[in-house]
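Shown next, in structure tokens, is the structure this report addresses.
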Amino acid sequence: MHRHQSELAESLRRSPRFAAPVVCLVFALLLPGSQAAAYAQGANCNRAMAIVQEVRTIYQSKSPNYKAILEKLRIAQDLCPLSPDVWKYAYCSALAIGDQQGARRFKQRAIDNDIEKLDCEGERLAVPRPEAPLSPYVREKYALIVGIGTFSDPKIKELRFAAKDAADFANALKDPAFGRFRPSNVTLLTDKNATRQAVLSALQSIILQAHDDDLVVIYVSSHGSGSQQDQGLGGRGYIVTYDSESDKIWNNAIEYETFAHQTSLIKARRKVTFLDTCFSGQASGGAKALEIDAGGVDEQTSKMFASNEGSFVITSSNSTEESWESEALHNSYFTHFLIEALRRSKEPPTMKQIFEYIAAKVPEAVAREQKKPQHPQIQPSDGPEDITIGVAPRRDVR
């Protein structure tokens, strides 16, 4: 079999009628499944590196078009997301056009992929521009709250309290004594109204409305799928929406990276994302779980949402744990104690105070009642001390 493969490849190589990509395709088809996948990945990374080389050439010109460079690099990011050079050049290009949020996101991806040197000036690329400090006030506040407990696909297990969790949290945000959000600025999507398109459209609306001195809260309670190479997921994690199909998650769920990227486009420099989801499989009882064998929200996924110095992401459990619902509380443990933290005192708590409360209460309650571990996580752990989602906005400043 291997001799025939070699003879066919040699024949194709000598023939002027066949271009190199055709030979690559034939090799991929002849190889066994895992080898073919590895070969395809290698070919994709080679294409990505060709784009990087083209970008290097553009950088040597007198007036590099950084926006055009970023467009090219978006293709390279899809082809080979594990290449540090792809993210390095995206980071430097974003700095060059003053996109501080994009630069932070690209920088983190470069670091996650073990970049050896991230020095734009030393590489004669873009020189970092200092970022202005956060404004001393919040002008306006917006929130997108999503809770999905029932699904169009009967194979996806229902969640008893996900929609209620979302509604309860939305009400807490609209409470003039605690959340202090204008009711018209809180978008609530639950169950059949929380399709993939509806969620992304609502997020797009916030992208168009929010200014840099605003505050945005994103909350999602649903199933999730893990960042696996098998199960047809290609190493990507997904948020399961109402119209998702259990055997086609990649087709009509929301990829975490897509959701994080869209969130990073929101101009508001104060952003807080709450993910009350679980990716652990084969769970029973009150656990939030899709029957896909995976872990919880991992650190790298969380970091995607931390796009600037005023952003936080808080997840309901760590990457190996399930997130649990409580029959007694009629909420998930995470959301119950999140709302409780927000309403504990008349003075708005900071994000660190909220996290300290749920980090103490959730593990204790779940261990006592479910005999299971569940430990909420926060990214970054060293963020600003004074970010508060219950702060009163100052709409009169413009």
Can you pull out the residues in the range 85-118 that are more than 19 Å from the chain's Cα centre (by Cα) and not aliphatic (A, V, I, L, M)? ASP85, LYS88, TYR89, CYS92, SER93, GLY98, ASP114, GLU116, LYS117
Inside the range 180-238, can you point out the residues that are in contact with a Phe, Trp or Tyr (Cβ under 9 Å, 6 or more places away or on another chain), at pLDDT 90 or above, closer than 28 Å to ASP78 by Cβ and outside any strand (DSSP E or B)? ALA194, THR195, ARG196, ALA198, VAL199, LEU200, LEU203, SER205, ILE206, ALA210
Between a first residue in the range 345-356 that is more than 16 Å from LYS174 (Cα to Cα) and open to solvent by 20 Å² or more (accessible area, probe 1.4 Å) and a second residue that is part of a loop (DSSP other than H, G, I, E, B) and not hydrophobic (A, V, I, L, M, F, W, C), which pairs have beta carbons less than 8 Å apart while being 6 or more apart in sequence or on different chains? THR350/GLU385; THR350/ASP386; THR350/THR388; LYS352/GLY383; LYS352/GLU385; PHE355/PRO376
So which residues in the range 330-389 are among the acidic types (Asp, Glu), at pLDDT 95 or above and either closer than 29 Å to ALA268 by Cα or in a loop (DSSP other than H, G, I, E, B) (or both)? GLU340, GLU356
Are any residues in the range 204-219 more than 12 Å from ALA143 (Cβ to Cβ), touching a residue at least 24 places away in the same chain (Cβ under 8 Å) and either surrounded by fewer than 20 Cβ atoms within 10 Å (Cβ to Cβ) or of a type outside the set (D, E, K, R) (or both), and if so, which ones? GLN204, ILE207, HIS211, ASP212
Select from the range 159-182 the residues that are of a type in the set (D, E, K, R) and closer than 16 Å to ASN193 by Cβ and write down the one among them that is most open to solvent (accessible area, probe 1.4 Å). LYS164
Determine whether the range 363-374 contains at least one residue that is open to solvent by less than 60 Å² (accessible area, probe 1.4 Å) and within 22 Å of ILE145 (Cα to Cα). no
Please find, among ILE58, ILE75, ILE115, the residue that is modelled with pLDDT of 85 or more and open to solvent by 20 Å² or more (accessible area, probe 1.4 Å). ILE75
Is it the case that the range 139-151 has a residue that's of a type in the set (Asp, Glu), open to solvent by less than 20 Å² (accessible area, probe 1.4 Å) and assigned to a helix (DSSP H, G or I)? no
Report, ordered by the first and then the second residue, all pairs with beta carbons closer than 6 Å, sequence separation of six or more or different chains, a first member in the range 253-268 that is in contact (Cβ under 8 Å) with a residue 60 or more places away in the chain, and a second member that is acidic (Asp, Glu). LYS267/ASP212; ALA268/ASP214
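Return the residue satisfying two criteria in turn: it lies in the range 84-114 and is touching a helix residue (DSSP H, G or I) at 6+ places or on another chain (Cβ under 7 Å) and acidic (Asp, Glu), and of such residues it is nearest to ASN65 (Cα to Cα).
That would be ASP85.
The values are calculated or read from the model by the stated rules, or taken from the named source; none is laboratory data. Values in this document were obtained by computation on a predicted structure and should not be read as measured data. Neighbour counts are summed over all protein chains in view; Cβ atoms, including those assigned to glycine, are modelled from backbone coordinates with ideal geometry. The area values use the complete protein model at the heavy-atom level, side chains included, leaving out ligands, DNA and RNA. Shrake-Rupley method; radii C 1.70, N 1.55, O 1.52, S 1.80 Å.
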